[in-house]
Amino acid sequence: MADFGGTDLEAFRAETRAWLAENYPASLNAPMGEDDAPWGGRKFVWKNADAKLWLDRMAAKGWTAPMWPKEYGGGGLSKEENKVLEQELRKIRARPALMSFGLWMLGPVLLEYATEEQKQKFIPSIIKGETRWCQGYSEPGAGSDLAALQTKCEDKGDHFLINGQKVWTSYADQADWIFCLVRTDTSKKHEGISFVLFDMTTPGVEARPIKLISGSSPFCETFFDNVKVPKDQMVGKLNGGWEIAKRLLQYERQNISASGFGAGGGLDLVEVAKKEIGVDDQGRIDDGDLRARIAAHRMDAHAFMLTVRRAEAESKASKGPSAAVSIIKYAAAKMNQERYELMVEAMGLQGLGWEGEGFAKDELAVTRGWLRSKGNSIEGGTSEVNLNVVAKRVLGLLDHQ
Amino acid sequence: MAVLNEEQTMLRDAAREWTQENAPTTALRKLRDGKSKATFDAPTWAEMGQMGWAGVVVPEEHGGSAFGYLSLGLVLEETGRTLAASPLISTALTAASALMLGGSEAQKAEWLPRIAGGEIVATLAVDEGSHHAPEKTALKAEKTGDGWVLNGSKTFVLDGEAADLLIVAARTSGKGTDGITLFLVAGDAPGVTRTHLSLADSRGAAKITFEGVEVGADAVLGEVDKGWAVLEPTLDRARAGLAAEMLGTATQAFEITLEYLKTRTQFGQVIGTFQALQHRAAKMFTDLEMTRSCVEAALEAIDAGQDARATASLAKARANEILHLASIEMVQMHGGIGMTDEHDAGLYMKRARVAEALFGGTTYHRDRYGRILGF
Ligand SMILES: Cc1cc2nc3c(=O)[nH]c(=O)nc-3n(C[C@H](O)[C@H](O)[C@H](O)COP(=O)(O)OP(=O)(O)OC[C@H]3O[C@@H](n4cnc5c(N)ncnc54)[C@H](O)[C@@H]3O)c2cc1C
Ligand SMILES: Cc1cc2nc3c(=O)[nH]c(=O)nc-3n(C[C@H](O)[C@H](O)[C@H](O)COP(=O)(O)OP(=O)(O)OC[C@H]3O[C@@H](n4cnc5c(N)ncnc54)[C@H](O)[C@@H]3O)c2cc1C
């Protein structure tokens, strides 16, 4: 760790710490509820003015996208500086300034594949949280087999014309723009797909919310009926969208993995079990079977955290994404689902409250979170598909004939 | 794989090449079929000593290279791959650690150079029953004049018959982790009786009885009644190092199996095309990767002088679990051939179970992890 400008880094740390002390709004020290999530965008209603202030201050420094180039409004930080920033943010338990598909998925591929004009047009508003994006990938007939997608995109000379349907489009009803996979050639599968961007207020776009088992409705069926899209809103080449689509999925999985689906947030499993079940004279959770399974889960979570850290260190040393990424998504989903199952079990019926009296806010959140976590092994590529990818790409096993 | 420095990369590569060449599984078969009751092959161990492997963690002033535990782990991973039987775990890892952690200057000067040079075999004699339970140490040591007398027995002591030096955990007072004292006892001291215990892994261990064994006051390693302060971190080093060996064993078992999946044909195609096997292989790979993170983290924590109790238990428990699984799948995925003595799958399975039990099984470490974390 000694070589790269240790003293500069320490100066950066001191500066960052001072800036955060000055600029992090005190009212955000309270824990963040699910409805406090700062998604931004044109339609977003800020319940808390300080959350908006925090976003604006961070965005002004480019720190919502700390490592993106300064020319598009990013922070321009090095990996090492970014690590310091992350550490300092963690130290004060700062809430995220912005949560955004633009930051996590679209931005990185725009930086890689978009034209200069497209970068200038789309990246700054992602960083400032002004435009909220949704992901138009899945269709009724194209889930795991994503390249089977049928949404039609025709070249009409001065514009593209899009017709078809997407499904499971998270927050399509809240989003301002969509990044969308469309079919531009029906004679080929993967080589007939293109990657386009368009405004969700374009005539012919309709998003209908779908209710989840958790009772909330974060995703939609999305219909396109003769939607006209300007031709400069295609990213990459005509029929060259698949490569971009896959790259974006890598970023999506990486991001999901790094956050571990937010495991660790909310109630602490061990504390809950101690409280609801009690402890023996040695301070052990007074249900040996459950205690052993909680210990096994905590060890899994520890192993997961160490693996994320190792993958980071290795990719830094060797450059380029490591094969660990697809294992990590699989492991993260399993771990988060296990955590919720154990939480519900430890809480007993108190962990299955649906609404109203008799349940604290964080108890109700457990019920909803437990149900929501079932999507972790489906969204962003199912666990079975993850295992297929590991078997094929990493282990070199062939497809069944 | 952790990001290694140049020395470590060289050490690992050399260890890989040497073990594949000089200590392959056929060497273990020879040891087994030779009926010598030896737990390792002496000439092989002598060569390891010449290569400096016995002194990887030993400080330079005592003749070692002080490369550290992560480095020793790299060597152990390679010996684990080929199931090479040697006193690396008993001597170079465990006994060396105990002396480094608890030894007086005189004790270190007397024993460490000989360990580092591969001249002697030394071992920790801790367990007294079929399960690892250092807290239950009962072998009695009583004060007589200015020395001590030891009475009791130890069992499943690694390389116990060959050991020149025994580091014996004894009860001097109290109970549990209080009142344990460590003693340095010559392997051939009067009153010491050693019996070979032949285990499924073809290496075996020893039962050792102590009848009125007399030692001087200078035989105490660390402080009287406070042996736990040395014993616990010594055991954690043993656990982390053994976990590295087991990671190597599991990795090799997995790789051999993977190779078989790519070559064995049934139903007109290689069996590796069947998804039922692919997903199990991918899960094993995931577990192997996670285990590697834990093993390296434990070794690195030890090298950094941090509290390594939780990570050592994590590493050992994880290594137990993946080696258990990989050894079962190795037999299963090989079908009938995996059940034969001629195939190596059985050797991996047998070594797996012995290694799993040594220095604490999975439930032991799960329980300990919970205690350390306060539940
Ligand atoms: C919470 C949530 C949010 C989502 N958000 C979005 C979004 O914003 N945008 C978007 O485009 N999509 C989104 N999705 C959709 C998601 O990407 C798809 O659900 C996913 O790719 C699986 O497709 P599917 O639902 O059609 O299931 P299918 O592909 O039909 O799979 C059904 C079952 O078959 C298994 N299966 C399929 N193929 C194989 C195979 N080859 N081998 C073994 N098993 C197989 C699957 O693993 C699964 O268990 C979201 C999904 C969820 C749950
Ligand atoms: C103790 C013992 C006694 C036996 N006694 C007799 C006997 O008396 N007479 C006799 O004729 N035979 C006997 N057998 C042989 C036994 O029937 C075969 O070993 C068994 O049918 C498996 O065949 P295989 O060994 O060729 O393995 P393979 O068929 O090569 O299988 C290797 C692995 O691939 C898996 N696999 C194979 N095909 C598929 C697939 N389509 N999908 C998913 N996985 C697959 C298998 O489950 C296995 O894990 C005996 C075997 C044993 C172990």
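All of the numbers you see were taken from the coordinates with simple rules; none came from a lab. Because the structure is a prediction, the values reported are computed rather than measured. Ideal geometry is used to build each Cβ from the backbone, glycine not excepted, and the neighbour counts take in all protein chains shown.
Computed quantities for the displayed model
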{"read-out": "Least to most buried among B:Asp303, B:Asp178, A:Asp280 (fewest other Cβ within 10 Å first)", "value": "A:Asp280, B:Asp178, B:Asp303"}
{"read-out": "Exposure proxy order (Cβ contacts within 10 Å, fewest to most) of A:Arg372, A:Arg132", "value": "A:Arg372, A:Arg132"}
{"read-out": "Net charge contributed by nearby residues that have their C-beta within less than 10 Å of B:Pro134 (K/R +1, D/E -1)", "value": "-3"}
{"read-out": "Around A:Gly157: net Lys/Arg minus Asp/Glu count, Cβ-Cβ under 15 Å", "value": "-1"}
{"read-out": "Over 31 Å (Cα to Cα) - which of A:Lys52/A:Lys274; A:Lys334/A:Lys361; B:Lys207/B:Lys283; A:Lys47/A:Lys334 fall in this group", "value": "A:Lys52/A:Lys274; B:Lys207/B:Lys283; A:Lys47/A:Lys334"}
{"read-out": "Between 0 and 90°, nearest 10: helix B:309-334 axis offset from chain B longest Cα axis", "value": "40 degrees"}
{"read-out": "Ranking of A:Ser194, A:Ser216 by count of other Cβ atoms within 10 Å, fewest first", "value": "A:Ser216, A:Ser194"}
{"read-out": "Helical mean residue ellipticity (222 nm; -39500 (n - 2.57) per DSSP H run of 4+; nearest 500) of chain A", "value": "-13500 deg cm²/dmol"}
{"read-out": "Relative contact order [Cα under 8 Å, 6+ residues apart], the stretch B:322-375, whole percent", "value": "27 percent"}
{"read-out": "Protection proxy ranking of A:37-45, B:208-216, A:106-114 - average other beta-carbon atoms within 10 Å, highest first", "value": "A:106-114, B:208-216, A:37-45"}
{"read-out": "Peptides ranked, highest mean first, by Cβ atoms within 10 Å: ranges A:95-104, B:317-326, B:353-362", "value": "B:317-326, A:95-104, B:353-362"}
{"read-out": "Efficiency of FRET from Cβ geometry, A:Ala26 and A:Thr382, R₀ 35 Å, rounded to 0.05", "value": "0.25"}
{"read-out": "Within straight-line cross-link reach of A:Lys156, lysines at Cα separation under 17 Å, skipping those fewer than 8 residues along the same chain", "value": "A:Lys228, A:Lys231, A:Lys237"}
{"read-out": "Cα→Cβ-extended label distance, 7 Å offset, between A:Glu355 and B:Thr177, nm", "value": "5.1 nm"}
{"read-out": "Whole-number percent relative contact order across the stretch B:178-261, with pairs defined as alpha carbons under 8 Å at least 6 apart", "value": "33 percent"}
{"read-out": "Chain B: angle of helix B:275-303 to the longest principal axis, Cα-based, in degrees nearest 10", "value": "30 degrees"}
{"read-out": "Built amide H within the under 5 Å cut-off of A:Ile210, gap 5+", "value": "A:Phe219, A:Cys220, A:Glu221"}
{"read-out": "Efficiency of FRET from Cβ geometry, A:Lys91 and A:Lys70, R₀ 22 Å, rounded to 0.05", "value": "0.30"}
{"read-out": "Between 0 and 90°, nearest 10: helix B:6-22 axis offset from chain B longest Cα axis", "value": "80 degrees"}
{"read-out": "Cβ-Cβ FRET estimate between A:Ile210 and A:Asn48, R0 fixed at 45 Å, reported to 0.05", "value": "0.95"}
{"read-out": "Whole-number percent relative contact order across the stretch A:133-239, with pairs defined as alpha carbons under 8 Å at least 6 apart", "value": "30 percent"}
{"read-out": "Lys, Arg +1 and Asp, Glu -1 on Cβ, resulting dipole of the protein assembly as shown about Cα centre, debye, nearest 20", "value": "1720 debye"}
{"read-out": "Residue-count net charge about A:Leu306 - beta-carbon cut-off 14 Å; Lys, Arg +1, Asp, Glu -1", "value": "-2"}
{"read-out": "All Cα pairs of the stretch A:133-239, percent lying beyond 16 Å", "value": "54 percent"}
{"read-out": "Phi to ³J(HN,Hα) by Karplus 6.51 cos²θ - 1.76 cosθ + 1.60 over the stretch A:34-47, Hz, x for Gly, Pro", "value": "4, 7, 8, 4, x, 8, x, x, 5, 8, 5, 9, 7, 6"}
